[in-house]
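Here's a structure for you.
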Amino acid sequence: MKLGIIGGAGLLGSTTAFVLGMRDILDEIKLVDLNDNAAKNQAMDMGQAILPFSRTKITPAHYADLGDCEVILVTANMSTRQVTDRSERLKDNMGLLGPITAEIKAVCRQDPIVIICTNPVDVFTYVGWKLMGSDRSKVIGFSSNDTMRLKWAVAEVKGLDYRRLECVCIGEHGDAQVRLLDQMTYDGQPLTLTAEETETVICLTKEWFKEFSGLGIKRSTGWTSGVNLAEMIEAIMTDSKKLLPCSAVFGGEFGYNDVACGALCRLGKNGVEEITLPLNNGQKAEMDAAVAKIKEQISWTNL
Ligand SMILES: NC(=O)c1ccc[n+]([C@@H]2O[C@H](COP(=O)([O-])OP(=O)(O)OC[C@H]3O[C@@H](n4cnc5c(N)ncnc54)[C@H](O)[C@@H]3O)[C@@H](O)[C@H]2O)c1
């Protein structure tokens, strides 16, 4: 099985290639980038680094080489400004997906699954789906870092082992995220937070992005994204049907239409095979607000 990464020389492209390469589940990972030499540089270095652990080949590539890829990951980015809200990147990245999806459609013999990372990711997942003209199950947005951050905050506040904790964050990949804190489990048993703990957890997750951006390094979350994208791509490539949080294009599920938004999705060889929204009544209002915010931004794209 083969993965193509558009923007493969950049931070997310290279970390994802490395994490997935080390897992030894793919035949080849092809790195396409505007900067040809940077893609070659990454492939030459990474290809050797993973040799003791994996048979996966990591190669520099052009669009013309992507015809046999089952999954295409889009991590291309034009926005280098420091931002406090991901929606500020909308204008900078607006022109990216048109040419990229045209190239994918021209070269891919099969209908590939396209995973969009480019921020604001919910908006660009919807834009990507419109431009690809494929089944909505085949265009997916990456937003599971929010869940990782929420679990990290709960583990910090409760002093628990992250790996034994389950909880999910859906909604917008941004301030309108919906934290499903009432459905948390630890070792499979329900886990509850006091009102004070809940406030601290929410505060930690909100402040994290501000602090990270405020460092002024202009580097995005490469390592967390690499680990979480690898989990998502592995679920698709191995047809595991695992439930993972990601941005899905809604077509009437739970009353939502014409929008991409974070949900808990069953991922398999066909992409998003089921969209679930395990919400209680209060959270339905939060989800409505997230959908309204994303829809407003979609309207700015004049699609
Ligand atoms: N959804 C998420 O959770 C999440 C998390 C982190 C970052 N991001 C987003 O992912 C995107 C990538 O982030 P990054 O830190 O890897 O950026 P980066 O700048 O390190 O890498 C982007 C790469 O894309 C290449 N590129 C630009 N235009 C291209 C094109 N038309 N075709 C091919 N390559 C092209 C650049 O040369 C560069 O190597 C950004 O939009 C960022 O905001 C999303």
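The values are calculated or read from the model by the stated rules, or taken from the named source; none is laboratory data. Remember, predicted model here, so these are calculated numbers, not experimental data. Note that we place each Cβ from the backbone using ideal geometry, even for glycine, and neighbour counts take in every protein chain shown. For the accessible areas, the whole protein counts, side chains as well, though only heavy atoms, and no ligand, DNA or RNA atoms are used. Shrake-Rupley method; radii C 1.70, N 1.55, O 1.52, S 1.80 Å.
Take region 106-116 and flag every residue that is in contact with a Leu (Cβ under 6 Å, 6 or more places away or on another chain) and open to solvent by less than 10 Å² (accessible area, probe 1.4 Å).
Once the filter is applied, which keeps residues that are in contact with a Leu (Cβ under 6 Å, 6 or more places away or on another chain) and open to solvent by less than 10 Å² (accessible area, probe 1.4 Å), region 106-116 yields only 115.
Is it the case, given these coordinates, that residue 205 is among the β-branched types (Val, Ile, Thr), within 17 Å of residue 179 (Cβ to Cβ), away from the ligand (no atom under 13 Å from the Cβ) and in contact (Cβ under 8 Å) with a residue 24 or more places away in the chain?
Spelling it out, residue 205 is indeed among the β-branched types (Val, Ile, Thr), within 17 Å of residue 179 (Cβ to Cβ), away from the ligand (no atom under 13 Å from the Cβ) and in contact (Cβ under 8 Å) with a residue 24 or more places away in the chain.
Right, something else. Give region 192-201 a look and list any residue that's in a helix (DSSP H, G or I) and in contact (Cβ under 8 Å) with a residue 24 or more places away in the chain, or say none.
Answer for region 192-201, where residues must be in a helix (DSSP H, G or I) and in contact (Cβ under 8 Å) with a residue 24 or more places away in the chain: 197, 200, 201.
Just name the residue that is nearest to the ligand (Cβ to nearest atom) out of those in region 29-39 that are out of contact with any Asp or Glu (no Cβ under 9 Å at 6 or more places or on another chain) and under 10 Å from residue 58 (Cα atoms).
31
Hey, another quick one. Mind listing whichever residues of region 97-150 are more than 10 Å from the ligand (Cβ to nearest atom) and part of a loop (DSSP other than H, G, I, E, B)?
Scanning region 97-150 gives 108, 109, 110, 111, 112, 133, 134, 135.
Here is a follow-up. Can you find even one residue in region 248-267 that is surrounded by 15 or more Cβ atoms within 10 Å (Cβ to Cβ), under 19 Å from residue 25 (Cα atoms) and among the charged types (D, E, K, R)?
The answer is no, given that none of the residues of region 248-267 is surrounded by 15 or more Cβ atoms within 10 Å (Cβ to Cβ), under 19 Å from residue 25 (Cα atoms) and among the charged types (D, E, K, R).
Select, from 66, 12, the only residue that is near the ligand (Cβ under 8 Å from one of its atoms), in contact with a Gly (Cβ under 7 Å, 6 or more places away or on another chain) and assigned to a helix (DSSP H, G or I).
The conditions single out 12.
Got a sec? Which of 279, 244 is at pLDDT below 95, hydrophobic (A, V, I, L, M, F, W, C), surrounded by 18 or more Cβ atoms within 10 Å (Cβ to Cβ) and not in a helix (DSSP H, G or I)?
Residue meeting the stated conditions: 279.
Among the residues of region 21-28, is any under 15 Å from residue 62 (Cα atoms), part of a loop (DSSP other than H, G, I, E, B) and touching a Leu at 6+ places or on another chain (Cβ under 6 Å)?
no
If we keep just the residues of region 167-189 that are assigned to a strand (DSSP E or B) and touching a helix residue (DSSP H, G or I) at 6+ places or on another chain (Cβ under 8 Å), which is surrounded by the fewest Cβ atoms within 10 Å (Cβ to Cβ)?
Result: 186.
Provide a single number: the residues in region 53-63 that are assigned to a loop (DSSP other than H, G, I, E, B) and within 22 Å of residue 236 (Cα to Cα).
Residues that pass the stated criteria total 4.
Please go through region 129-146 and pick out each residue that is over 14 Å from residue 261 (Cβ atoms) and either within 14 Å of the chain's Cα centre (by Cα) or acidic (Asp, Glu) (or both).
Those that are over 14 Å from residue 261 (Cβ atoms) and either within 14 Å of the chain's Cα centre (by Cα) or acidic (Asp, Glu) (or both): 135, 138, 145.
Which of the residues that make up region 39-52 are assigned to a loop (DSSP other than H, G, I, E, B) and within 11 Å of residue 19 (Cα to Cα)?
50
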